[in-house]
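J.: Sharing a structure below in structure tokens format, with a few things to ask.
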Ligand code: C2E
Ligand code: MG
Ligand code: MG
Ligand code: MG
């Protein structure tokens, strides 16, 4: 009996090296327990308007606070959550925490928008737009305070249900962002089919682009593509002054990256904003 139980447990075990080294493993059943007991925390990374230096939004990024292994980043566990049918629960937990948080911050007078990452496999419940709409209304937020980021490479081949959900999200007034733009195989087709409001250029085309002709060309075309489509353009992975200067000179609207700030836990956010505004006021 014990052997059978062990076999069933092993079957759900996904062994992945964590950043601390190959000795640290992550298991699907551990992740399930972590989601249920709300050990998945949300960290926040600021998004800055290039023209005005104003803080305009934040991206919610999941972090697993493991009691022994420390913070485990999402590239270790998102895939496991998708594979074992836990992604919906995880997305719900991230949404619940981050909507509550941003509504508190907006009540303090910040007026910023929230971007949340959705896996394509988490976009299968047809009532998502309605559920999100009422969650937001109950928190006193407008639909345009929430942007759903979908990674283009993660969008499924059969897009009819996904397309339906995304279109209705847009009709309800939510923002829709095509994340990691340029890394998938069908970016342009997705842009044509889905009513995106934002194009988010993958960081591989942004960081160090000033010394790479190909990256520069891709960056330039992506920004002008966004302009032609009349949607926002965000550059992720801006790490240096040179990265900032380049995307600013190409007319990108919004910037996110270590040059501004790394993702941070909720408790560090308000002190960060205070410090950032002081520094920015001193400059202008
Ligand atoms: P993403 O949505 O493209 O998020 C941006 C990632 O780039 C984050 O990594 C962020 O920490 C990192 N980043 C931001 N600025 C810089 C920079 O200047 N330099 C460098 N080197 N990196 C930068 P993170 O938090 O490890 O997340 C990785 C990916 O995991 C995300 O990529 C997203 O696809 C996924 N993810 C994160 N949270 C969630 C979630 O709640 N649900 C789902 N479905 N996916 C999530
Ligand atoms: Mg994202
Ligand atoms: Mg991205
Ligand atoms: Mg990414």
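The values are calculated or read from the model by the stated rules, or taken from the named source; none is laboratory data. None of the values given here were measured: they were computed from a predicted structure. Every residue, glycine as well, gets a Cβ built from its backbone with ideal geometry; the counts of neighbours run over all protein chains shown.
J.: Just a yes or no: is a residue in the range 60-68 part of a strand (DSSP E or B), surrounded by fewer than 18 Cβ atoms within 10 Å (Cβ to Cβ) and either within 16 Å of ligand 3 (Cβ to nearest atom) or at pLDDT below 95 (or both)?
T.: yes
J.: Six or more apart or on different chains, Cβ under 6 Å: which pairs go from a residue in the range 232-249 that's assigned to a helix (DSSP H, G or I) to one that's modelled with pLDDT of 95 or more and more than 14 Å from ligand 3 (Cβ to nearest atom)? Could you list them?
T.: Short answer, once both residue conditions are applied: 244/259; 248/50.
J.: Follow-up. Quick check on my filter: what residues within the range 186-208 are within 16 Å of ligand 4 (Cβ to nearest atom) and either surrounded by fewer than 19 Cβ atoms within 10 Å (Cβ to Cβ) or under 18 Å from residue 245 (Cα atoms) (or both)?
T.: If the condition is that a residue be within 16 Å of ligand 4 (Cβ to nearest atom) and either surrounded by fewer than 19 Cβ atoms within 10 Å (Cβ to Cβ) or under 18 Å from residue 245 (Cα atoms) (or both), then 200, 201, 202, 203, 204, 205, 206, 207 are the ones that fit.
Let's see how each residue does on (1) in contact with a helix residue (DSSP H, G or I) (Cβ under 9 Å, 6 or more places away or on another chain); (2) more than 29 Å from residue 108 (Cα to Cα); (3) modelled with pLDDT of 95 or more:
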| position | (1), (2), (3) |
| --- | --- |
| 241 | no, yes, yes |
| 248 | no, yes, yes |
| 253 | yes, no, yes |
| 257 | yes, no, yes |
| 265 | no, no, yes |
| 268 | no, no, yes |
| 272 | no, no, yes |
| 280 | no, no, no |
| 283 | no, no, no |
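J.: Here's a follow-up. Quick one: is residue 219 within 21 Å of residue 184 (Cα to Cα) and away from ligand 1 (no atom under 15 Å from the Cβ)?
T.: no
J.: Is there a residue being within 16 Å of ligand 3 (Cβ to nearest atom) and modelled with pLDDT under 95 anywhere in the range 154-169? Don't jump to the end; show me each part of the working.
T.: In the first step, residues of the range 154-169 are kept if they are within 16 Å of ligand 3 (Cβ to nearest atom); the result is 154-155.
Now drop any that are not modelled with pLDDT under 95, which leaves 154-155.
Yes, the conditions are met somewhere in the range 154-169.
J.: Which one of these does residue 235 not meet: (1) buried (at least 21 other Cβ atoms within 10 Å of the Cβ); (2) more than 16 Å from ligand 3 (Cβ to nearest atom)?
T.: The failed condition is (2).
J.: Another question about this same structure. Based on what the data block shows, is residue 99 at pLDDT 95 or above and more than 16 Å from ligand 3 (Cβ to nearest atom)?
T.: The answer is yes for residue 99.
J.: While we're looking at this one, here's another question. Quick one: is residue 183 crowded, with 17+ Cβ neighbours inside 10 Å and either within 16 Å of ligand 4 (Cβ to nearest atom) or modelled with pLDDT under 95 (or both)? First the steps, then the outcome.
T.: On the way: crowded, with 17+ Cβ neighbours inside 10 Å: no; either within 16 Å of ligand 4 (Cβ to nearest atom) or modelled with pLDDT under 95 (or both): yes.
Spelling it out, it is not the case that residue 183 is crowded, with 17+ Cβ neighbours inside 10 Å and either within 16 Å of ligand 4 (Cβ to nearest atom) or modelled with pLDDT under 95 (or both).
J.: Let me ask something else about it. Could you list, in sequence order, the residues of the range 123-152 that are more than 16 Å from ligand 3 (Cβ to nearest atom) and surrounded by 16 or more Cβ atoms within 10 Å (Cβ to Cβ)?
T.: 123, 128, 129, 132, 133, 135, 136, 139, 141, 143, 145, 146
J.: Please verify whether the range 6-23 includes one or more residues that are touching a helix residue (DSSP H, G or I) at 6+ places or on another chain (Cβ under 7 Å), farther than 30 Å from residue 234 by Cα and modelled with pLDDT of 85 or more.
T.: No.
J.: Also, quick follow-up: Of the residues 35, 48, which is surrounded by 12 or more Cβ atoms within 10 Å (Cβ to Cβ), at pLDDT 65 or above and in a helix (DSSP H, G or I)?
T.: 35
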